[in-house]
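Shown next, in structure tokens, is the structure this report addresses.
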Amino acid sequence: MTAPVRLRPEIAALPPYRQGKQASPDAFKLSSNENPFEPLPAVVEALHGALHVNRYPDAAAAELRQVLADRFGVGASEVHVGAGSVSILSQLLLAAAQQGDEVVYAWRSFEAYPGLVTVTGATSVQVPNLPDGSHDLAAMADAVTDRTRVVIVCTPNNPTGEIVTTAAFEDFMARVPETVLVILDEAYAEFVTEDDAVDGESLTERHPNLVVLRTFSKAYGLAGLRVGYAIGPAYVLDAARSTAIPLSVTEPGLRAAIVSLEHEDELLERVGRITRLRDQVRQSLIDQGWDVPRAQGNFVWLPTGAQTAHAAEVFDRAGIVVRAFAPEGIRITVGEPASVDKLLGAAQEVVRTL
Ligand SMILES: *Cc1c(COP(=O)(O)O)cnc(C)c1O
């Protein structure tokens, strides 16, 4: 009889990663908050120019970091680039937290957080959202103890869509000790249209313990190329660089990100089309009787509660692949305009059964 390989029990107990369901060819895949637009011609051209794949990429991502530093008005050492912002999140958690430490974040929030915390050996402290789906920042500040090393704030919150306001965030930062790292995860920042929303761009260098995370995956439509970035204190980002797996950001990713920033107006025009469609979809859902939280990302949240599994099936049959978080609700990406009629038809069918 062979004995099993001895793994860390808390890692072996983690559920294996499950990607948003692959859609059948005629269904709309609205389960991963992807951008429905094809890459810009300039991005495709840049990719063709980045095919010297026998060479390693620039490990320091120097050019992209400088472009981002100029735009955020910080030094290049205060910018870090990773293979998706999820990578940077993992690097920061590994740099700050270990066994015996605690990491505080809201729940329900981004599904990657619990696993990333477990990998560090630290313990997750999940603070329930308020009934409107927004972070309970007062309770999150209350949850900070001597053991807390990191607090993650996700705005707009994936999957509920609600934002953190500037005022609430300032109050929160005033209550969190400066020795605790605060990560502001702004993966959907470019889709925000509410004036009172916190904006990490205006906060960098104002708080010595704050790192702002952004990504090229959502608004810029480069999810498949894996590029995200962080703005924050140089010594904290140096620690993230130390825990990073070297050379995991590829040259095509770096080129595409730089070209995307050069063509930002075109990309933000697309973002504008998505946010207008988002607002229309949300209003139509409210007219149907749904209680939809303020949607500030590229997705809407339907609080389907105990009906979540059933609701996901109805959407699936209608050719709409959604992300179900039983027993709370369903997250639906605002994608192709052609998906909207099917989406609203299925939502109409479900709302009657609630
Ligand atoms: C999509 C997402 C990310 C980042 O994704 P990457 O593709 O790794 O950059 C980070 N945080 C949240 C909340 C997200 O929804």
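When Lys and Arg each count +1 and Asp and Glu each count -1, what net charge do the other residues less than 11 Å away from Val211, Cβ to Cβ, add up to? Before the final figure, lay out each step's value.
Values: positive: Arg214; negative: Glu78, Asp185, Glu186.
Neighbour charge sum, excluding Val211 itself: -2.
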* Built amide H within the under 5 Å cut-off of Phe110, gap 5+ -> Asn158
* To do: Give the Cα extents of the chain along the principal axes, in whole Å, largest first.
  => 61, 54, 49
* Asked: In segment 104-118, which residues have a backbone nitrogen under 17 Å from the label point lying 7 Å from Glu194's Cα in the Cα-to-Cβ direction?
  -> 106-110
* Residue-by-residue Karplus 3J(HN,Hα) for segment 184-190, coefficients 6.51, -1.76, 1.60, Hz, glycine and proline x -> 9, 8, 10, 4, 10, 3, 5
* Structure fact -> Computed for the chain: size of charge dipole around the Cα centre, +1 on C-beta of each Lys and Arg, -1 on C-beta of each Asp and Glu, debye to nearest 20, value 1200 debye
* Structure fact -> A chain fully extended from Thr243 to Arg352 at 0.36 nm per residue, minus the present Cα-Cα distance, gains in nm 34.2 nm
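So what's the net charge close to Tyr235: Lys and Arg +1, Asp and Glu -1, counting the other residues with Cβ under 11 Å from its Cβ?
Summing Lys and Arg as +1 and Asp and Glu as -1 gives -1.
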* Asked: Residues with amide H under 5 Å of Phe28's amide H, sequence separation 5 or more or different chain, H placed in the peptide plane at 1.01 Å from N; which?
  -> Ile320, Val321
* For segment 1-61, alpha-carbon Rg and Dmax in angstrom -> 20.4, 59
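Count neighbours as other Cβ atoms within 10 Å of each site's Cβ, and list the trypsin sites (Lys or Arg not before Pro) in segment 1-81 that are DSSP loop with at most 11 such neighbours. Display every interim value, and only then the final one.
Details: sites: Arg6, Arg18, Lys21, Lys29, Arg55, Arg65, Arg71; in loops: Arg6, Arg18, Lys21, Arg55.
Filter output for segment 1-81: Arg6, Arg18, Arg55.
Using r as the Cβ-Cβ distance of Arg317 and Val119, and R0 as 30 Å, what FRET efficiency do you calculate, to the nearest 0.05? Provide the component values of the computation, followed by the final result.
Numbers: r = 37 Å, r/R0 = 1.23.
According to the calculation, E is roughly 0.25.
Report the gain in length on full extension from Asp291 to Glu264: 0.36 nm times residue separation, minus Cα-Cα distance, nm rounded to one decimal.
Full extension of this stretch gives 6.3 nm more.
Taking only the alpha-carbon atoms of segment 32-140, what semi-axes of the equivalent ellipsoid follow from 5 times the gyration tensor eigenvalues under a square root, in whole Å, largest first?
Numbers: eigenvalues 220, 74, 48 Å².
Largest first, segment 32-140 gives 33, 19, 15 Å.
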* Listed residues Ala13, Val119, Pro156: farthest to the positive end of the dipole of the chain (Cβ charges) -> Ala13
* Asked: How many angstrom separate the Cα center of segment 1-65 from the Cα center of segment 292-316?
  -> 25 Å
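Taking the solvent-accessible surface of protein heavy atoms with a 1.4 Å probe, what is the per residue accessible area of the chain in Å²?
Numbers: 16330 Å² over 354 residues.
Accessible area per residue: 46 Å².
Subtracting the Cα-Cα distance from 0.36 nm times the residue separation, let me have the gained length for Arg71 to Arg175 in nm, one decimal. Provide the component values of the computation, followed by the final result.
Working: separation 104, 0.36 × 104 = 37.44 nm, distance 2.94 nm.
Contour length minus the Cα-Cα distance gives 34.5 nm.
In the chain, what percentage of the DSSP-assigned beta bridges are antiparallel, given to the nearest 5? Let's see the in-between values first.
Numbers: 16 of 37 bridges.
If we restrict to bridges inside the chain, about 45 percent are antiparallel.
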* Asked: With each pseudo-label sitting 7 Å past Cα toward Cβ, what's the Ala13-Asp142 distance in nm, one decimal?
  -> 2.7 nm
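The values are calculated or read from the model by the stated rules, or taken from the named source; none is laboratory data. The structure presented is a predicted model; accordingly, all values stated were derived computationally and were not measured. Cβ coordinates were reconstructed from backbone atoms using ideal geometry, including for glycine residues, and neighbour counts include every protein chain displayed. The accessibility values were calculated without ligands, DNA or RNA, using every heavy atom of the protein model including side chains. Shrake-Rupley method; radii C 1.70, N 1.55, O 1.52, S 1.80 Å.
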